[in-house]
Amino acid sequence: MRRFVVVLFSFGLATMLMAEETQYQQPPPDLAALVDQPRTPDALVSPDKTRVVFLDLAEHATVEELSRPELKLAGLRFDPQSSAPSSIRRRYSSMSFCDFKKRLHVKVIGLPETAVMAYPKWSPDSKWIAVSVLLPTQIDLYKVDSLTGVSKLILAGKLNGVMGLGSAYTWLPDSSGLVCRSVPDDRGSVPDQKIPLGPIIRQADGVKSPARTYQDLLSSPADEDIFSYYVDASLLLVSLSGDSKKLGPRAMIHRHMPSPDGQYLLVEMIHKPFSHLVPYERFPNRIEIWDISGRSFELLVDQPLAENMPKGFNSVRVGMRELEWRPDVPASLTYVEAMDNGDAMAEAEFRDQVFLWEAPFSEPAKSMIKLKNRFYAIDWTDKGQALVHEWWWASRQVATWLTTPGVTPQQLWQRSYQDSYSNPGAPMKAGTAEHPVIHTLNDGKSFLLAGDGASPKGDYPFVDEYNLQTLTAKRLWQCESPNFEFALGLADLDGKRIVTRSETIDGPPNYYTRGLKRGRPEALTAFPHPTPGLRNIHKELVQYTRDDGVALNGTLYLPPGYQPDQGPLPTLMWAYPQEFKNAADAGQITDSPHRFVSLSPWGPMPFLAAGYAVFDNPSMPIVGEDDTEPNDSFIKQLVANAQAAIDVLVAKGVTDRERVAIGGHSYGAFMTANLMAHSDLFRTGIARSGSYNRTLTPFGFQSEQRLFWEAPEVYGGMSPFFHADKINEPLLLIHGEADNNPGTFPMQSERLFNAMKGLGGQARLVMLPMESHGYRARESLLHMVWEEYVWLDKFLKSDGSSAE
């Protein structure tokens, strides 16, 4: 059993305990069971909208799995033995198919007994699913028959997922096979770790090149050699029978995409010179068109190394970027070029221009639209219309334009992306993951929009029909109380039925089909309650206001069986601050009071089982209107948010003002430490994987794009490390010792702990081995809950006066 390091500091005058190694611990059984509870399967609807595949989530990884060999190079983390990414967010243990008409579930058979799967992809004809199977020393590719559930191995041990497993294989449009990124047969042995011939030297030549604080960068010529070795790849054309054919030369290929007619491949390859300052995404990038035999047909662009990009969240590379196949025609490309030299801080009438380039690419590309803001995305309808989306960070504005090549664009929507109440929804699509298209109705005159339906009463998801001639929307369906139900996709190609996921406060999520105009939902699944012993939890959407009038809200949970005559409870608040450009948007409600009460171990919910009240996601808006930046008054607004939350809970009679804890993860941990330093509102705090010294992120953080040297008082005022002497309540710090999230180096928690220790504060630091920003191992999750349980029991439920 792997041991982990816990750093303990005395509470009071007892002798300090030095770093201690101990075994992983487990919380009480009721809380431990929450880590292992079944989770709702994922669902993917077939391209022909006749069936769905349900994907059962795999169990949490183990520390033993996390302890496998790992390389950290150029912003990538991967297993050198299997060529798989170190972390895959959605891993599956089994899957089954369900036909919408027959509603019979067909289990998949023929996969390895202990298979862990990832990145399932429907074939364009809906007959097959391609899925990767993760093994200790390799990645296999299987095809699965969607009618019989029978699976067959079609590529053994050759997938190269170092630069992303999801992009390692793509279907051919005729469903006859896949194009796969593979480990070269002749790549030889791993380069030797060379003895250094001299020092590592970096030089600044007077060119401004602000960059975020990246981790896992290349640092030596030896790193460059090893990186090149593992990302080197060949493309293989793999048939459904398992035959394979090499396409083109080997290269450091990180993206390949067949054209909709299957005649061409869009191929992107990084190459030297590499950088020791930025990750691989900003390395030189060569983009070519190959024919389907692998012959290089056209060099589109060779983007240079992008170390010196201008400051600003909307700054981009110059030259051709965002190359994509147009999905509704055989072989045409769209791409974007900056008209402001990629500089978000420069004055410009237009920021981006979108081009259309038609095969055989012998004629110049044609301009489709010029955008006053930065290009975000383009969607095409199955009738040849394009929806072009633009956005601008500083104003929080988004806009969508309707255009057809050669026709003057029309603006469909313009709004603040933080104004959830005005969100029109997203177009519902058909096609494949590689080539999705907006599915139109009435011969191209309309299409469906699915949205969250945010409102002052909470989220009520909807489906609208949007008329492209009148530019108006008609509501076809909307979720009704007491359910929270949203559209997952179309359930037919007539646009009359949809697949939904529905839940209630006490009823877990399940999948359904339903007509848009009438009829009741028809169940596809009947998943049971995952924690039947913890039913009847009180859930309430609480609305209140800050002292300056900003509207706030949060979700209050009370333990099963709680009665008002029990009196006020010790309360755990769990939050995450967010910046806004106006107070009206900050006060909007963006959750549903009807969502299932899911007791995920990741947040505060397990502590309902321990008798605490939980106030989850209370609003923590930081507002900066007009020319004022939100962070100019971060601390003042943060404390006001917390004060208002406590006041409303005390007024409701459910919270003991003297027994409130605050907690959060990442930016929520940063918030927690700041509240502990700048207020006396909380008895204790829990801060997980946070950043506490903003001078270590001098080129911007979160939504702050000013540099440290432009606003040193903001950076210093917002850094809890600078105010560690004011943290006079106990603080539990938890961090993954391998955190690679920009800005949240493990050192951030270590330095804050050392500061508190040196200043006589009360703190405990827990470093979880092998864990990154989000903890994955079952042992880590159980121990995390145990630490939080013991901490709250000592400092919140009791008076915490005696040391352990």
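Summing Lys, Arg as +1 and Asp, Glu as -1, what charge do residues with Cβ under 9 Å from the Cβ of Val499 carry, Val499 excluded?
Values: positive: Lys49, Arg497, Arg501, Arg514; negative: none.
Once all neighbours under 9 Å are counted, the net charge is +4.
Looking at region 250-402, the accessible area is 40 square angstrom per residue; that uses a 1.4 Å probe and ignores ligands, DNA and RNA. The angle separating the long axis of helix 778-792 from the principal Cα axis of greatest extent in the chain is about 30 degrees.
Bridges between two residues of region 649-804, per DSSP, are antiparallel at a rate of about 5%. Taking 37 °C and 0.692 mPa s as conditions, region 671-793 diffuses translationally at an estimated 221 µm²/s according to Stokes-Einstein applied to its Kirkwood radius (Cα pairs). Once the Kirkwood radius over Cα pairs is known for region 441-496, the Stokes-Einstein relation at 10 °C and 1.306 mPa s delivers a diffusion coefficient of 130 µm²/s. Relative to the dominant Cα principal axis of the chain, helix 746-758 is inclined by about 10°.
Distance between the modelled labels on Ala156 and Ser241, one decimal in nanometres: 1.8 nm (7 Å Cα→Cβ projection).
Net charge in the neighbourhood of Ser600 (other residues with Cβ under 11 Å of its Cβ; Lys, Arg +1, Asp, Glu -1) is 0. Remark: region 472-546 is approximated by an ellipsoid whose semi-axes, taken from the C-alpha gyration tensor as √(5λ), come to 27, 20, 9 Å, largest first. Summarising the strand pairing of the chain, around 85 percent of its internal DSSP beta bridges are antiparallel. Restricting the calculation to Cα atoms, region 387-503 shows an Rg/Rh of 0.97 when the hydrodynamic-style radius is the Kirkwood one. Pairwise inverse Cα distances across region 500-600, averaged and inverted, put the Kirkwood hydrodynamic radius at 16.7 Å. Less than 12 Å Cβ to Cβ from Phe699, Lys/Arg counted +1 and Asp/Glu -1: what total charge do the surrounding residues give? Within the 12 Å Cβ shell, the charges total +3.
Taking a point 7 Å out from the Cα of Thr504 in the direction of its Cβ, the residues of region 593-635 whose backbone N falls within less than 13 Å of it are 594-597.
First measure r as the distance between the Cβ atoms of Asp291 and Lys127, then evaluate 1/(1 + (r/R0)^6) with R0 = 30 Å and state the FRET efficiency to the nearest 0.05. Calculated transfer efficiency: 0.70.
For the pair Asn442 and Phe527, a Förster radius of 25 Å applied to the C-beta separation gives a FRET efficiency near 0.10, rounded to the nearest 0.05. To the nearest ten degrees, helix 634-651 and the longest principal axis of the Cα atoms of the chain are 70 degrees apart. Of the peptides 724-736, 151-163, the ranking by mean beta-carbon count within 10 Å, highest at the top, reads 724-736, 151-163. Taking amide H atoms as placed 1.01 Å from N in the peptide plane, the amide H of Ser94 lies under 5 Å from those of Asp56, each 5 or more residues away in sequence or on another chain.
Can you give the Rg to Rh ratio for region 15-134, taking only C-alpha atoms and Rh from Kirkwood?
1.10
I need the per residue convex hull volume for region 47-118, using only the alpha carbons, in cubic angstrom as a whole number. Each step should come with its number before you reach the end.
Values: hull volume 9.3 nm³, N = 72.
Measuring per residue, one finds 130 Å³ for the Cα hull of region 47-118.
In region 30-65, whose amide N lies under 18 Å from the spot 7 Å out along Cα-to-Cβ of Ser93? List them in ranges. Residues passing the 18 Å test: 32-43, 54-65.
Quote the relative contact order of the chain in percent (integer), defining contacts as alpha-carbon pairs under 8 Å separated by 6+ residues.
On the way: 1921 pairs, mean separation 81.1, N = 804.
Reported as a whole number, the value is 10 percent.
Among the listed options [x] 62.0; [y] 34.8; [z] 47.2, the one matching mean projected area of the Cα convex hull in nm² as calculated from these coordinates is [y]. Taking the helices alone, the chain has a mean residue ellipticity at 222 nm of -3500 deg cm²/dmol, built from -39,500 (n - 2.57) per DSSP H run of at least 4 residues and averaged over all its residues.
Grab the beta carbon distance between Asp261 and Ser798, set R0 = 45 Å, and tell me the FRET efficiency rounded to 0.05. All intermediate terms of the calculation are to be shown ahead of the outcome.
Details: r = 70 Å, r/R0 = 1.55.
With R0 = 45 Å, the Cβ-Cβ based efficiency is 0.05.
The values are calculated or read from the model by the stated rules, or taken from the named source; none is laboratory data. Everything numeric here is computed off the predicted structure, so don't read it as measured data. Cβ coordinates were reconstructed from backbone atoms using ideal geometry, including for glycine residues, and neighbour counts include every protein chain displayed. These accessible areas exclude ligands, DNA and RNA; they are computed on the full protein's heavy atoms, side chains included. Shrake-Rupley method; radii C 1.70, N 1.55, O 1.52, S 1.80 Å.
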